[in-house]
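Input: one structure, supplied below.
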Amino acid sequence: QVQLVESGGGLVQAGGSLRLSCAASGLIFSRNVMAWYRQAPGKQRELVAAITNGGSTNYADSVKGRCTISRDNTKNTVYLRMNSLKPEDTAVYYCNAEGQYSHTQYWGEGTLVTISS
């Protein structure tokens, strides 16, 4: 059974930083592209950042320069470091795993990030 468990969300003042973590189990971590998505109230879920097993990354324009995605294949964990947080970063952040070849997707339950102005 695949599980993705996010942690690290919370309430932060604008300009602050957070590091989200997602611990994966039940899958071959190295064979999955790992990503963070977010969904703000009343909006569609959107990609924040993604990272391949080889370390290639992709970021949404809205977070470029402020966020860093990384992965530790020895710990089956993906991270999202967010700096210079803005109120518009407020959302539920979801961890996503997509099979490199199967494209099967798995989702975590999400962690709430709230940025106060």
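Bear in mind these aren't lab numbers, they're just calculated from the coordinates by the rules spelled out. Computed from a predicted model, the values in this text were never measured in an experiment. Cβ coordinates were reconstructed from backbone atoms using ideal geometry, including for glycine residues, and neighbour counts include every protein chain displayed.
Just the isolated ones, please: cysteines in the chain lacking another cysteine beta carbon under 4.7 angstrom.
CYS67
Excluding residues fewer than 8 places away in the same chain, name every one of the lysines whose C-alpha is closer than 28 Å to that of LYS75.
LYS64
I need the calculated FRET efficiency for the pair ASN53 and LYS86, taking r as the beta carbon distance and R₀ as 22 Å, to the nearest 0.05.
With R0 = 22 Å, the Cβ-Cβ based efficiency is 0.10.
At a Förster distance of 35 Å, what's the computed FRET efficiency of SER62 paired with TYR101, Cβ-Cβ distance as r, to 0.05?
So the FRET efficiency works out to roughly 0.75.
Another question about this same structure. Pick out, in residue order, every one of the chymotrypsin sites (Phe, Trp or Tyr not before Pro) in the stretch 37-117 that is DSSP loop and has at most 14 other C-beta atoms within 10 Å; say none if there are none. Could you put the intermediate results ahead of the total?
Values: sites: TYR37, TYR59, TYR79, TYR93, TYR94, TYR101, TYR106, TRP107; in loops: TYR101.
Filter output for the stretch 37-117: TYR101.
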